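This structure is in structure tokens; I'll ask about it shortly.
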Amino acid sequence: MNSKIQCMKLNDGHFIPVLGFGTAVPEKFSKSKIKEPIKIAIEAGIYHFDCASIYKTEEYVGESIRTKIADGTLRREDIFYTSKVWCNCLRPELVRSSLEQSLKKVQLDYVDLYIMHFPMALKPGEEEFPVDEHGKLIFDTVDLCVTWEAMEKCKDAGLTKSIGVSNFNRRQLEMILNKPGLKYKPVCNQVECHPYLNQMKLLDFCKSNDIALVAYGVLGTQRYTGWVDQNSPVLLDEPVLHCMAKKYNRTPALIALRYQLQRGIVALNSTFNEEHIKENIQVFEFQLSSEDMKVLDGLNRNQRYVTALIFDGHPNFPFSDEY
């Protein structure tokens, strides 16, 4: 693994780079636009890529990774590649085939991490967002513990090195942890996390159970229509971040990123800007004081950008609980 990037040991013995690159592409862009940023990220020393079947970018991400392997920049074992099983494939008999489809698209023999994208099952089938005649999502009823057993089988089959979850609350994590006959604990819970939503209680719970917290939306998230409240405040406009940026001679984005790393969190960031991609690696070049970390803790306002309100009413909707 690139020496510039620090890694965290997961509860199954594998290591995850603490700085990762998100590969979801905003609707206004062509999915293939992700190819060049992936190459730039690899050249900058970022080898951790967070993908998902729902992003529709896996073939392009895979193409860029294979190009950089072919030109000798890195080896497959240097890459940490994550994919996710979508909500319409949470029935246990669909989990492995979903992973195999992702592997076919990315053209890799295995993924490093496979996670459940959301704890909310949708009706299985070709449609990723199946709706009824009123335009409402058609939910499915699935025992997530049985889904987890299918995830464990994917690990045993060597299709993935590690398995985890995303957007689970404490209660849902406990359900997996307390499952009779549990073979593998989730190595991570990937959730939205930034200074306006610092997830302090969930982080403490995850740490106490040796589960890594992986943060998306670390800079306040992109304004994905349908998912994000377009009127929500812009995190990077926060005066405290600008004040600290001046103090440390860094950007507000780097302050927000560094905040997560010092809390023991794996941080994912997505950008198409070459300068920003190269800038992100500077997060390892400075440290925030404990006083400034406390100030940043104080910015928390439980502001969730990704509300996932299209799932509201689902019996497994995770964001109604306190954490």
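Laboratory data are not the source of any read-out in this text; all were calculated from the coordinates shown. This is a predicted model, so every value here is computed, not measured. All Cβ positions, even for glycine, are placed from backbone atoms using ideal geometry, and neighbour counts span all protein chains on display.
Run the reach check for residue 247 against aspartates and glutamates, Cα to Cα strictly under 20 Å, same-chain hits fewer than 8 apart removed. What comes back?
Within the straight-line limit of under 20 Å, residue 247 reaches these aspartates and glutamates: 237, 238, 279, 285, 291, 292, 297.
Taking residue 161 as the anchor, which lysines have their alpha carbon closer than 20 Å to its alpha carbon, excluding any fewer than eight residues away along the same chain?
Straight-line reach from residue 161, under 20 Å: 9, 84, 104, 105, 153, 183, 185.
Applying a 10 Å radius around every beta-carbon, put 103-111, 147-155, 65-73 in order of their mean neighbour count, most first. Could the numbers behind the result be given before it?
Values: 103-111: 17.2, 147-155: 19.7, 65-73: 14.1.
In descending order of packing, they fall as 147-155, 103-111, 65-73.
Hey, another quick one. Could you sort the peptides 45-58, 127-140, 176-189 by per-residue average Cβ neighbour count (10 Å cutoff), highest mean leading? Each step should come with its number before you reach the end.
Working: 45-58: 22.8, 127-140: 12.2, 176-189: 17.1.
The densest-packed peptide leads the list: 45-58, 176-189, 127-140.
Tell me, what ³J(HN,Hα) does each residue in the range 89-97 have, in order and in whole Hz, if you take phi through Karplus 6.51 cos²θ - 1.76 cosθ + 1.60 with θ = phi - 60° and put x for Gly and Pro?
So the J values, rounded to whole Hz, are 10, 7, 5, x, 6, 9, 5, 5, 5.
Near the amide H of residue 116, under 5 Å away, which other amide H atoms are found, from residues 5 or more places off or on another chain, if H is placed in the peptide plane?
85, 164, 165, 166
Still on this structure: Which residues' amide hydrogens lie under 5 Å from the amide hydrogen of residue 90, considering only partners 5 or more residues apart or on another chain, with H built in the peptide plane?
Result for residue 90 returns 122.
Taking K and R as +1 and D and E as -1, what net charge do the other residues with C-beta under 13 Å from the C-beta of residue 297 add up to?
Working: positive: 201, 263, 294, 301; negative: 204, 291, 292.
That works out to +1.
Sticking with this structure for a sec: Please compute the contact order of the range 1-154 in relative form: average sequence separation of alpha-carbon pairs under 8 Å and at least six residues apart, divided by the residue count, as a percent.
On the way: 245 pairs, mean separation 29.7, N = 154.
This gives 19 percent for the range 1-154.
On to the next question. Relative contact order (percent) for the range 7-311, with alpha-carbon contacts under 8 angstrom and 6 or more residues of separation?
On the way: 529 pairs, mean separation 56.6, N = 305.
That works out to 19 percent.
So for the chain: antiparallel DSSP bridges make up what percent, rounded to the nearest 5? Spell out each step's value before the answer.
Details: 7 of 33 bridges.
Around 20 percent antiparallel, to the nearest 5.
Let me spell out the model: positive unit charges on the Cβ of Lys and Arg, negative unit charges on the Cβ of Asp and Glu, origin at the Cα centre of the chain. What dipole size does that give, in debye rounded to 20?
On the way: 39 positive and 42 negative charges, 115 e Å.
It comes to approximately 560 debye.
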